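Derivation of every value follows stated rules applied to the coordinates shown; laboratory data play no part. For clarity, every value in this text was computed on a predicted model and none was experimentally measured. Methodologically, a virtual Cβ is constructed for each residue, glycine included, from the backbone with ideal geometry; neighbour enumeration extends over all protein chains shown.
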Amino acid sequence: MVAHLTVARVAEGLGVAWDTANNAVLAEGKRLLINDPTRFEGVKVIGVDEHVLRHTRHGDKDVTVIIALTPVRDGAGPARLLDMVEGRSKAAFKTWLADRDDAFRDAVEVVAMDGFTGFKTAPAEKIPDAVTVMHPFHVVRLAGDALDRRRRPQGAHRAHHPGPDPEEASR
């Protein structure tokens, strides 16, 4: 974890099987992160997003990832992982918020997320004073997608107007 190595590289370096290295990494991650009660101290800005942890023959294994963005906002350092919760749903995030104490929920000022409705409604119900915002990455992606849908096929423009397409140039 500290050296940002993949499990495969750790296993190779230690000369053990992938499963053995993975179990050790998970145990150490739990010891350093999940069992650390101070990880929630000073958190005022959180980010939430989904991640496909594993692709299986029977569908994807989605998790909800919650990170502390306070250090980024305050210019004090990088974001840090707070937790990962199984599933990608309003219920998963709402349950995670409900499991936090009142002091934590009262301290959260901002929740950054993608456009998933469940992620927006969960904080509205559990931390109603927090402002919900869309993470800048998702704003830019949505704007780019909207431009792509609106853009005319280049051939259609050139058939009627020779020369450069002003919409393509502005994009």
Putting +1 on Lys and Arg Cβ atoms and -1 on Asp and Glu Cβ atoms, find which of M84, G115, V131 reaches farthest to the positive end of the dipole of region 79-138. G115
Each residue of region 113-119 in order: what ³J(HN,Hα) in whole Hz does its phi give by Karplus 6.51 cos²θ - 1.76 cosθ + 1.60, θ = phi - 60°, with x for Gly and Pro? 7, 8, x, 5, 4, x, 5
Residue exposure sequence - H51, H135 - by fewest surrounding Cβ within 10 Å: H51, H135
Taking a cut-off of 24 Å between Cα atoms, list the lysines near K44, but don't count ones fewer than 8 places away on the same chain. K30, K90, K94, K120, K126
Tell me which residues come under 5 Å, amide H to amide H, from V133 once H is placed; ignore anything under 5 positions away on its chain. V111, A112, M113
Pairs of alpha-carbon atoms within less than 8 angstrom and 6+ residues apart define the contacts here; what relative contact order does region 39-153 have, in percent? 23 percent
Taking a spot 7 Å from the Cα of D129 along the direction of its beta carbon, which residues of region 18-46 have an amide N less than 16 Å from it? 42-46
What nm distance separates the two modelled labels at L147 and R73, each placed 7 Å from Cα along Cα→Cβ? 2.9 nm
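Mind sorting R39, R149, R9 by how few other Cβ atoms lie within 10 Å of their own Cβ, fewest first?
Ordered by Cβ neighbours within 10 Å, fewest first: R149, R9, R39.
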Looking at A98, V65, G75, which one has the Cα that reaches farthest to the positive end of the dipole of region 39-153 (charges on Cβ: Lys, Arg +1; Asp, Glu -1)? V65
